[in-house]
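Novice: Following this message is one structure expressed as structure tokens.
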Amino acid sequence: MNDEFKINLGQELVKFPYEPVKLEKGYANRTLQIDLGKKSIETKPVTDEMKEIFIGGKGFDLKLMWDIVNDGTKWDSPENAICISSGPLGGTTSYPGSGKSLVTSISPLTNVAIDSNVGGYFGPFLKFSGFDAIAITGKAEKDVMIFIDGVENHVSVREINATCDDAHLICNKLTEQLAPNKDGRQYIAVVAAGSGAAHTYFGILNFSYYDWRRKEARYKQAGRGGIGTVFRDKKILALAIRCDKWKPDWSITAD
């Protein structure tokens, strides 16, 4: 990593403490909604209807987006939402493919809804931290980091300044800075969009996960259709999560 690269965390714009919940059949039964323009953070309940339509929570991202946008929403409208939900098994790092996240937004390329899936551990960590999905709206005035702390149970938005906006450097440095120790790096996941996303309509999102063999944060590329461009338009430099769980509190058994 570039030793001269630095990230400075600035003023905390809003902080939202929350109570931890125990997953029920893979559901946290609530979603997290962040409005950067209003500097507000809140949770909303998951309804029985949502569970009946989107079994396991795969599709909650689409539901949240359609509840927020309207007929006049464009890709760069403040109300355009970036929504992320976890996989159909309630989020788990134990079963290959089940930890995938789905990401939904209005695309800069087509100006219609687009979704993409991505691997890594952001989806499971979001679930273990107590949320089935997240929706981000509004635009910040300066570059910000959204931080979901599933260890101390709070969500915050704070100003962030980096000497470079390359996604791989941001993912690596934040993994180091947010982990309490070297072993804690495996419980950090970061979402970032590189400098290209700020200058094109097809910017992607990078979801990092810590590779203990290589001793660095590797990342999966997703957010096809320009969701990374929406990310940067909202002045989000990073969406990071810290969790202290590696496996869910439930298991799959055969009758």
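Novice: Relative contact order for the chain: what is it in percent, counting Cα pairs under 8 Å that are at least 6 residues apart?
Specialist: RCO, the chain: 23 percent.
Novice: Which value at 222 nm does the chain reach when only helices count, each DSSP H run of 4 or more adding -39,500 (n - 2.57), with the total divided by all residues and rounded to the nearest 500 deg cm²/dmol?
Specialist: For the chain, the value works out to -4500 deg cm²/dmol.
Novice: Please list, by residue number, everything in segment 139-174 whose backbone N is under 17 Å from a paramagnetic label point 7 Å out along Cα→Cβ of ASP76.
Specialist: Only 139-143 pass the distance filter.
Novice: I need to check one value: relative contact order of segment 1-80, counting alpha carbon pairs closer than 8 Å and at least 6 residues apart, in percent.
Specialist: Computed over segment 1-80, the figure is 18 percent.
Novice: Spin-label point model (7 Å from Cα, Cβ direction): what's the PHE16 to HIS154 distance in nm?
Specialist: Rounded to a tenth, the inter-label distance reads 1.5 nm.
Novice: So if I take the centroid of the Cα atoms in segment 130-157 and the same for segment 1-76, what is the distance between those two points in Å?
Specialist: The distance from the Cα centre of segment 130-157 to that of segment 1-76 comes to 8 Å.
Novice: Taking all pairs of different Cα atoms in the chain, averaging 1/r and flipping that mean, what Kirkwood radius in angstroms comes out?
Specialist: Every distinct Cα pair counted, the radius reaches 17.9 Å.
Novice: While we're here: State which entries of LYS25/LYS245; LYS38/LYS100; LYS74/LYS235 exceed 19 angstrom in Cα-Cα distance in the structure shown.
Specialist: LYS38/LYS100
Novice: Here's another thing I want to ask about it. Only bridges whose two residues both fall in segment 7-242 count here: according to DSSP, what percent of them are antiparallel, nearest 5?
Specialist: 80 percent
Novice: What is the calculated FRET efficiency for ASP67 to SER40, with r their C-beta to C-beta distance and R₀ = 22 Å, to the nearest 0.05?
Specialist: Efficiency, rounded to the nearest 0.05: 0.85.
Novice: If each residue of separation counts as 0.36 nm, what is the full-extension length gain between ASN181 and ASN8 once their alpha-carbon separation is subtracted?
Specialist: Length gained between ASN181 and ASN8: 60.4 nm.
Novice: Any idea how far apart LYS215 and ASN117 come out in nm if each label point goes 7 Å out from Cα toward Cβ?
Specialist: 3.5 nm
Novice: Moving on to the next point. Please list the non-local residues whose amide H lies under 5 Å from the amide H of TYR219, H modeled 1.01 Å from N, same-chain partners needing a gap of 5 or more.
Specialist: TYR209
Novice: To continue, here is another question. Classify segment 15-67 as rounded, prolate or oblate from the Cα gyration tensor: take a ≥ b ≥ c as the square roots of its eigenvalues, call it rounded if a/c is under 1.5, otherwise prolate when a/b beats b/c and oblate if not.
Specialist: oblate
Novice: How do ARG213, ARG30 rank when sorted from fewest to most other Cβ atoms within 10 Å of their own Cβ?
Specialist: Ordered by Cβ neighbours within 10 Å, fewest first: ARG213, ARG30.
Novice: Using a Förster distance of 25 angstrom, determine the FRET efficiency expected from the C-beta separation of LYS139 and TYR201, and round it to 0.05.
Specialist: Numbers: r = 17 Å, r/R0 = 0.69.
Approximately 0.90, to the nearest 0.05.
Novice: Given Cβ point charges of +1 (Lys, Arg) and -1 (Asp, Glu) and nothing else, what value in debye, to the nearest 20, does the dipole of segment 7-242 about its Cα centre take?
Specialist: Values: 29 positive and 27 negative charges, 126 e Å.
Dipole size: approximately 600 debye.
Novice: Which of the aspartates and glutamates could a cross-linker bridge to LYS58, judged by Cα under 12 Å and excluding same-chain residues fewer than eight apart?
Specialist: ASP115, ASP132
We did not get these values from a lab; they are worked out from the coordinates using the rules stated. Keep in mind the model is a prediction, meaning the values are calculated, not measured. We place every Cβ from the backbone using ideal geometry, glycine too, and count neighbours over all the protein chains shown.
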